[in-house]
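The values are calculated or read from the model by the stated rules, or taken from the named source; none is laboratory data. Source: prediction; values computed, not measured. Note that each Cβ is placed from the backbone with ideal geometry, even for glycine, and that neighbours are counted across all protein chains shown. Ligands, DNA and RNA are excluded from the accessible area calculation, which covers all protein heavy atoms including side chains. Shrake-Rupley method; radii C 1.70, N 1.55, O 1.52, S 1.80 Å.
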Amino acid sequence: MEMQAATTQHKWLQQLVGEWTFEGECIMGPDKPAERSKGRESVRPLGEFWVSGEGEGEMPGGGLAKMLITLGYDPAKGSFVGTWVGSMMPTLWVYDGRLDPAEKVLTLSAEGPSFTGDGKIAQYQDVITLESEDHRTLHSQVQGEDGTWTRFMTAHYRRVR
């Protein structure tokens, strides 16, 4: 098998490598106030093609959550790929993502259980925006049955080193 060279998309992911702290807010329901959380994330390269992140933070309402993310780029699919798991839920989130033309916003799409608890599957997006070399945001949104997207979580990540 011939060794493949890293693409510009693989190199883009390397911008996420580092030690980060985050502060965020999450809306846990339509009639509930936003709850704040904070934590840290360590993102490491896995060769030239992948990055993996390990984080932990306060859960809205109390308790500690741990999270793992993997991100890469699949040239055959022409899309970013990855996974996310968190200690607070039994769902493996599988990403399929696209980078915007300005190469600042990575939109990762996934399917998962609906917030309503009715057993239905919903469409979700985690959107990573590079604000600067040392600041990125992440927001999560869910698509309603009417096709509209509702943001339920926003976090600001700041590079520690």
| said: Every residue in the range 67-79 that is touching a Ser or Thr at 6+ places or on another chain (Cβ under 9 Å) and either among the hydrophobic types (A, V, I, L, M, F, W, C) or surrounded by 19 or more Cβ atoms within 10 Å (Cβ to Cβ) (or both), please. | reply: MET67, LEU68, ILE69, LEU71, TYR73
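Could you say which residue among GLU54, GLU58, GLU111 is at pLDDT 95 or above, under 22 Å from GLY18 (Cα atoms) and either over 14 Å from the mean Cα position of the chain (by Cα) or loosely packed, with under 15 Cβ neighbours inside 10 Å (or both)? Step through it out loud before you land on a result.
On the way: GLU58 fails: at pLDDT 95 or above; GLU111 fails: under 22 Å from GLY18 (Cα atoms).
Answer to the check: GLU54.
This table checks each residue for (1) touching a helix residue (DSSP H, G or I) at 6+ places or on another chain (Cβ under 6 Å); (2) under 23 Å from VAL160 (Cα atoms); (3) not in a loop (DSSP other than H, G, I, E, B).
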| residue | (1), (2), (3) |
| --- | --- |
| VAL43 | yes, yes, yes |
| GLY57 | no, yes, yes |
| SER109 | no, no, yes |
| GLY112 | no, no, yes |
| note | So, first residue over 18 Å from GLU23 (Cβ atoms) in the range 133-161, second residue surrounded by fewer than 13 Cβ atoms within 10 Å (Cβ to Cβ) and polar (S, T, N, Q), Cβ within less than 9 Å, six or more apart or across chains; the pairs are GLN141/THR150; VAL142/THR150; GLN143/THR150; GLY144/THR150
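Kindly indicate the residue of the range 19-33 that is at pLDDT 85 or above and of a type outside the set (Ser, Thr, Tyr) and also surrounded by the fewest Cβ atoms within 10 Å (Cβ to Cβ) among those meeting that condition.
Taking the range 19-33 as the starting set, the residues that turn out to be at pLDDT 85 or above are 19-26.
Going one step further and asking which of them are of a type outside the set (Ser, Thr, Tyr), we end up with 19-20, 22-26.
Numbers: GLU19: 12, TRP20: 23, PHE22: 18, GLU23: 14, GLY24: 22, GLU25: 15, CYS26: 17.
Residue satisfying both the conditions and the ranking: GLU19.
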| message | Which count do you get for residues in the range 1-18 that are in a loop (DSSP other than H, G, I, E, B), more than 26 Å from GLU58 (Cβ to Cβ) and open to solvent by less than 100 Å² (accessible area, probe 1.4 Å)? | response | 3
| query | Just to be sure, is MET67 modelled with pLDDT under 95 and either part of a loop (DSSP other than H, G, I, E, B) or within 16 Å of ASP126 (Cα to Cα) (or both)? | reply | no
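Looking only at the range 80-95, count every residue that is assigned to a strand (DSSP E or B) and open to solvent by less than 60 Å² (accessible area, probe 1.4 Å) and tell me the total. Outline the logic, then answer.
Going through the range 80-95, the residues assigned to a strand (DSSP E or B) turn out to be 80-86, 93-95.
From what is left, the residues that are open to solvent by less than 60 Å² (accessible area, probe 1.4 Å) are 80-86, 93, 95.
Qualifying residue count for the region: 9.
Could we say that THR137 is in a strand (DSSP E or B) and either touching a Phe, Trp or Tyr at 6+ places or on another chain (Cβ under 8 Å) or aliphatic (A, V, I, L, M) (or both) here?
For THR137, the condition - in a strand (DSSP E or B) and either touching a Phe, Trp or Tyr at 6+ places or on another chain (Cβ under 8 Å) or aliphatic (A, V, I, L, M) (or both) - is met.
Based on this model, can you work out whether SER37 counts as surrounded by 14 or more Cβ atoms within 10 Å (Cβ to Cβ), at pLDDT below 95 and either under 14 Å from the mean Cα position of the chain (by Cα) or hydroxyl-bearing (Ser, Thr, Tyr) (or both)?
On the way: surrounded by 14 or more Cβ atoms within 10 Å (Cβ to Cβ): yes; at pLDDT below 95: yes; either under 14 Å from the mean Cα position of the chain (by Cα) or hydroxyl-bearing (Ser, Thr, Tyr) (or both): yes.
Yes; evaluated as a whole, the condition is true for this residue.
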| field | Every residue from the range 123-153 that is modelled with pLDDT under 95 and in contact with a His (Cβ under 7 Å, 6 or more places away or on another chain) | value | ARG151, MET153
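Just to verify a result, which residue in the range 114-132, among those that are closer than 18 Å to VAL43 by Cα and β-branched (Val, Ile, Thr), is surrounded by the fewest Cβ atoms within 10 Å (Cβ to Cβ)?
If we filter the range 114-132 for residues that are closer than 18 Å to VAL43 by Cα, which is where we start, we get 126-132.
Applying the additional criterion that residues be β-branched (Val, Ile, Thr) yields 127-129.
Numbers: VAL127: 19, ILE128: 21, THR129: 14.
My answer is THR129.
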| field | Long-range neighbours under 6 Å by Cβ, at least six apart or interchain, first residue farther than 18 Å from THR137 by Cα within the range 36-55, second β-branched (Val, Ile, Thr) | value | PRO45/VAL17; PRO45/VAL51
